[in-house]
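> After the structure tokens below, expect a handful of questions from me.
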Amino acid sequence: MILTVTPNIALDITYHIERLTPHTSTRVSDVKDRAGGKGINVARVLHSLGHESMAVGFAGGTVGAQIREDLDAAGLRYQLLPIMGQTRRSVSIVDATDATVLNEAGPEVTKHEWAALVAMVTELIKQASVLVVSGSLPPGVAADGVADLVSVAVAADTPVIADSSGDALLAATAAGPTLIKPNGPEIVAATGIDDPMAAARALMADGAGEVALSLGAEGLCLLSGEGALVAAPSRVVAGNPTGAGDAAVAALALGLAEGWGARRMVGEAVALSAAAVAHPLAGGFDPEVYREMLESVEVKER
Ligand SMILES: Nc1ncnc2c1ncn2[C@@H]1O[C@H](COP(=O)(O)OP(=O)(O)OP(=O)(O)O)[C@@H](O)[C@H]1O
Ligand SMILES: [Mg+2]
């Protein structure tokens, strides 16, 4: 079972309208609600691939109840800790030209609530082949929150992937994760090093076992002690790139769980994430595009 932690789960609400005009009122006929957050997306992708996953996080208030209902409907296994605060919502208003997103910060999580999550992961990791920690931390949790969870996996000798940004990424790196998956802008912003490849090598020196550096439509570069492999999709896919990184993380987690070699890991990550772009919702992927990409993706040494 692959355990995915989403420290700041959200209910993703999508309003489809014809045209967004600020300062007027607009009738919305098409509304979709869905449990979201990066670790949830990873769990959804693994579930679609037929691999067992367990999604972990917090749920509070009526929005938390909606999250549980949606995960039940999707058939995902989960354990969510009840908290005092209200789970956040993220509203996307999609019209013919563009999307406008309103992101709530999320509930204040207390020290006790965070400690309870760490304790829950410490228990669940005994049944896990890989731990994935994805996404931002909720208000009230210090930047070393992701590092707490990485340390649980390191102590249990279980492979762990951290997908985070800023100081949380740096602190997670120092805790010695098996792999981190920043995108280009994230790694530059976190390290202050302008060249993403140089930044990736710096993070390996700081404690990351491997770095999967995702490069948007250009693909993904996997840096490890043995060198660097780059894979690019055979074409640029049009669609929704939000959640493509999460699909890449799902493939990388599966690779660690099943002991794939580096070439297969990058190839699968690029194929699955391209297929995720072709799917309208984060956490989904297009199986046809996945097959097409698996056959055509090129993996090179760099
Ligand atoms: N337009 C595209 N066509 C094909 N593949 C793409 C495209 N955009 C992204 N990808 C694939 O998805 C992977 C992840 O994309 P990206 O680097 O944008 O991740 P990200 O910013 O972490 O995404 P998110 O955090 O929103 O899930 C890339 O490494 C690449 O393989
Ligand atoms: Mg990302």
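The values are calculated or read from the model by the stated rules, or taken from the named source; none is laboratory data. The model shown is predicted, which means the values in this text are computed figures rather than measured ones. Methodologically, a virtual Cβ is constructed for each residue, glycine included, from the backbone with ideal geometry; neighbour enumeration extends over all protein chains shown.
> Consider the range 155-191. How many of its residues are among the small types (Gly, Ala, Ser) and in a loop (DSSP other than H, G, I, E, B)?
The number of residues fulfilling the criteria is 5.
> Still on this structure, please answer the following. If a residue must be surrounded by 14 or more Cβ atoms within 10 Å (Cβ to Cβ), of a type in the set (Gly, Ala, Ser) and over 11 Å from Lys300 (Cα atoms), how many such residues does the range 227-242 contain? Outline the logic, then answer.
In the first step, residues of the range 227-242 are kept if they are surrounded by 14 or more Cβ atoms within 10 Å (Cβ to Cβ); the result is 228-234, 237, 239-242.
Checking which are of a type in the set (Gly, Ala, Ser) leaves us with 228, 231-232, 234, 239.
Those still in the list that are over 11 Å from Lys300 (Cα atoms) too: 234, 239.
Matching residues across the range 227-242 total 2.
> Still on this structure: Quickly run through the range 238-259 and pick out the residues that are within 18 Å of Phe285 (Cβ to Cβ), assigned to a loop (DSSP other than H, G, I, E, B) and either charged (D, E, K, R) or away from ligand 2 (no atom under 15 Å from the Cβ) (or both).
Correct list: Ala238, Gly239.
> Go through the range 69-89 and give me each residue that's crowded, with 16+ Cβ neighbours inside 10 Å and either touching a Phe, Trp or Tyr at 6+ places or on another chain (Cβ under 9 Å) or closer than 27 Å to Ala128 by Cβ (or both).
Matches in the range 69-89: Asp70, Leu71, Ala74, Leu76, Tyr78, Leu80, Leu81, Ile83, Gly85, Thr87, Arg88.
> Just name the residue that is nearest to ligand 2 (Cβ to nearest atom) out of those in the range 270-288 that are in a helix (DSSP H, G or I) and out of contact with any helix residue (DSSP H, G or I) (no Cβ under 6 Å at 6 or more places or on another chain). Please lay out each step first, then the result.
Filtering the range 270-288 down to residues in a helix (DSSP H, G or I) leaves 270-277, 287-288.
Next, from what is left, pick out any that are out of contact with any helix residue (DSSP H, G or I) (no Cβ under 6 Å at 6 or more places or on another chain): 270, 287-288.
Working: Val270: 15, Pro287: 22, Glu288: 24 Å.
Selected residue: Val270.
> Also: Answer with yes or no whether Ala198 is away from ligand 1 (no atom under 16 Å from the Cβ), over 18 Å from Val5 (Cβ atoms) and small (Gly, Ala, Ser).
Numbers: away from ligand 1 (no atom under 16 Å from the Cβ): yes; over 18 Å from Val5 (Cβ atoms): yes; small (Gly, Ala, Ser): yes.
Yes; evaluated as a whole, the condition is true for this residue.
> Do we find that Gly227 is touching a residue at least 24 places away in the same chain (Cβ under 8 Å) and either in contact with a Leu (Cβ under 8 Å, 6 or more places away or on another chain) or within 16 Å of ligand 2 (Cβ to nearest atom) (or both) in this structure? Walk me through how you get there before you give the answer.
On the way: touching a residue at least 24 places away in the same chain (Cβ under 8 Å): yes; either in contact with a Leu (Cβ under 8 Å, 6 or more places away or on another chain) or within 16 Å of ligand 2 (Cβ to nearest atom) (or both): no.
Criteria not met by Gly227.
> State whether one or more residues within the range 129-145 are closer than 19 Å to Ala282 by Cβ, surrounded by fewer than 20 Cβ atoms within 10 Å (Cβ to Cβ) and either within 16 Å of ligand 1 (Cβ to nearest atom) or within 16 Å of the chain's Cα centre (by Cα) (or both).
Looking for residues that are closer than 19 Å to Ala282 by Cβ, surrounded by fewer than 20 Cβ atoms within 10 Å (Cβ to Cβ) and either within 16 Å of ligand 1 (Cβ to nearest atom) or within 16 Å of the chain's Cα centre (by Cα) (or both), one finds none in the range 129-145, hence no.
> Within the range 201-226, how many residues turn out to be within 12 Å of ligand 1 (Cβ to nearest atom) and surrounded by fewer than 20 Cβ atoms within 10 Å (Cβ to Cβ)? Even if it seems obvious, please write down each step before you answer.
So the first thing to find is which residues in the range 201-226 are within 12 Å of ligand 1 (Cβ to nearest atom), and the list is 212-222.
The next check asks that each one be surrounded by fewer than 20 Cβ atoms within 10 Å (Cβ to Cβ); those that pass are 215-218.
Of the residues in the range 201-226, 4 are within 12 Å of ligand 1 (Cβ to nearest atom) and surrounded by fewer than 20 Cβ atoms within 10 Å (Cβ to Cβ).
> Right, another one. Could you give every pair whose Cβ atoms fall below 6 Å, whose first residue belongs to the range 17-30 and is hydroxyl-bearing (Ser, Thr, Tyr), and whose second residue is surrounded by 10 or more Cβ atoms within 10 Å (Cβ to Cβ), counting only separations of at least 6 or pairs across chains?
Thr26/Ile17
> Here are Val152, Val109, Val146: which of them is in a helix (DSSP H, G or I) and closer than 21 Å to Gly37 by Cα? Can you show your working first?
Numbers: Val152 fails: closer than 21 Å to Gly37 by Cα; Val109 fails: in a helix (DSSP H, G or I).
Residue meeting the stated conditions: Val146.
> State all residues of the range 177-195 that are in contact (Cβ under 8 Å) with a residue 12 or more places away in the chain and within 9 Å of ligand 1 (Cβ to nearest atom); if no residue qualifies, say none.
Taking the range 177-195 as the starting set, the residues that turn out to be in contact (Cβ under 8 Å) with a residue 12 or more places away in the chain are 177-184, 186-187, 189-191.
Correct list: Lys181, Pro182, Asn183, Gly184, Glu186.
> Read through the list (1) β-branched (Val, Ile, Thr); (2) part of a helix (DSSP H, G or I); (3) closer than 26 Å to Leu272 by Cα, then give the number of the only condition that Val63 fails.
(3)
> Taking the range 259-302, which residues are in contact with a strand residue (DSSP E or B) (Cβ under 9 Å, 6 or more places away or on another chain), closer than 18 Å to Ala238 by Cβ and at pLDDT 95 or above?
Residues satisfying the conditions are Val270, Ala271, Ser273, Val297.
> From the list Arg263, Arg235, Arg201, Arg291, pick out the single residue that is of a type outside the set (A, V, I, L, M) and in a loop (DSSP other than H, G, I, E, B). Give the derivation first.
Values: Arg263 fails: in a loop (DSSP other than H, G, I, E, B); Arg201 fails: in a loop (DSSP other than H, G, I, E, B); Arg291 fails: in a loop (DSSP other than H, G, I, E, B).
Within the list Arg263, Arg235, Arg201, Arg291, the selection yields Arg235.
> Just to be sure I understand the filter: pairs with C-beta atoms under 6 Å, separated by 6 or more residues or on different chains, first member in the range 230-253 and on the phi > 0 side of the Ramachandran plot, second member hydrophobic (A, V, I, L, M, F, W, C). Which pairs pass?
Going by the 6 Å Cβ cut-off, the qualifying pairs are Gly239/Val277; Gly239/Ala278; Gly243/Ala276; Gly243/Ala282.
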